[in-house]
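Coordinate-derived values only; no laboratory data. Keep in mind that what you see is a predicted model, and the values were worked out from it rather than measured. Counting neighbours? That spans all protein chains shown, and the Cβs are built from the backbone with ideal geometry, glycine included.
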Amino acid sequence: MRNVPKNRVENILKLVKQNSKITVDEIANKLNVSSKTIKRDIAKLKEQNRLQRVGKKGGYWVVL
């Protein structure tokens, strides 16, 4: 499977649903991309109001 952005975004949401405390680095490792790429994708998801971070360090993700 090619790691195209649309698939990657859906995979990020799927991983967050499975584990709301997953880190950016863990997502990057599972999807075989850089942390920077994941941060960019997460920023897009936040802009689209599809993903929200609650708290900072020790916080968790919420899929909207």
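When the stretch 10-42 is examined, which residues are found to be over 13 Å from Trp61 (Cβ atoms) and in contact with a Ser or Thr (Cβ under 7 Å, 6 or more places away or on another chain)?
Passing the criteria: Asp25, Ala28.
Name the single residue, out of those in the stretch 32-44 being of a type in the set (A, V, I, L, M) and within 10 Å of the chain's Cα centre (by Cα), that is farthest from Val16 (Cα to Cα).
Filtering the stretch 32-44 for residues that are of a type in the set (A, V, I, L, M) and within 10 Å of the chain's Cα centre (by Cα), the one farthest from Val16 (Cα to Cα) comes out as Ala43.
Report, by residue number, each residue of the stretch 54-64 that is part of a strand (DSSP E or B), over 10 Å from the mean Cα position of the chain (by Cα) and surrounded by 11 or more Cβ atoms within 10 Å (Cβ to Cβ).
Selection gives Tyr60, Val62.
Residue check: is Asn11 surrounded by 14 or more Cβ atoms within 10 Å (Cβ to Cβ) and out of contact with any Asp or Glu (no Cβ under 7 Å at 6 or more places or on another chain)?
Yes.
Condition check: surrounded by 15 or more Cβ atoms within 10 Å (Cβ to Cβ) and either touching a residue at least 40 places away in the same chain (Cβ under 8 Å) or touching a Phe, Trp or Tyr at 6+ places or on another chain (Cβ under 8 Å) (or both). Does Leu51 satisfy that?
yes
Determine, yes or no, whether Ile42 is assigned to a loop (DSSP other than H, G, I, E, B), β-branched (Val, Ile, Thr) and surrounded by 12 or more Cβ atoms within 10 Å (Cβ to Cβ).
When the stated conditions are applied, Ile42 does not pass them.
Of Lys36, Lys17, which residue is loosely packed, with under 13 Cβ neighbours inside 10 Å, part of a helix (DSSP H, G or I), touching a strand residue (DSSP E or B) at 6+ places or on another chain (Cβ under 6 Å) and of a type outside the set (Gly, Ala, Ser)?
Only one candidate qualifies: Lys17.
If I go through the stretch 20-32 residue by residue, how many of them are surrounded by 12 or more Cβ atoms within 10 Å (Cβ to Cβ) and either in a helix (DSSP H, G or I) or in contact with a helix residue (DSSP H, G or I) (Cβ under 7 Å, 6 or more places away or on another chain) (or both)?
Summing the residues that are surrounded by 12 or more Cβ atoms within 10 Å (Cβ to Cβ) and either in a helix (DSSP H, G or I) or in contact with a helix residue (DSSP H, G or I) (Cβ under 7 Å, 6 or more places away or on another chain) (or both) in the stretch 20-32 gives 8.
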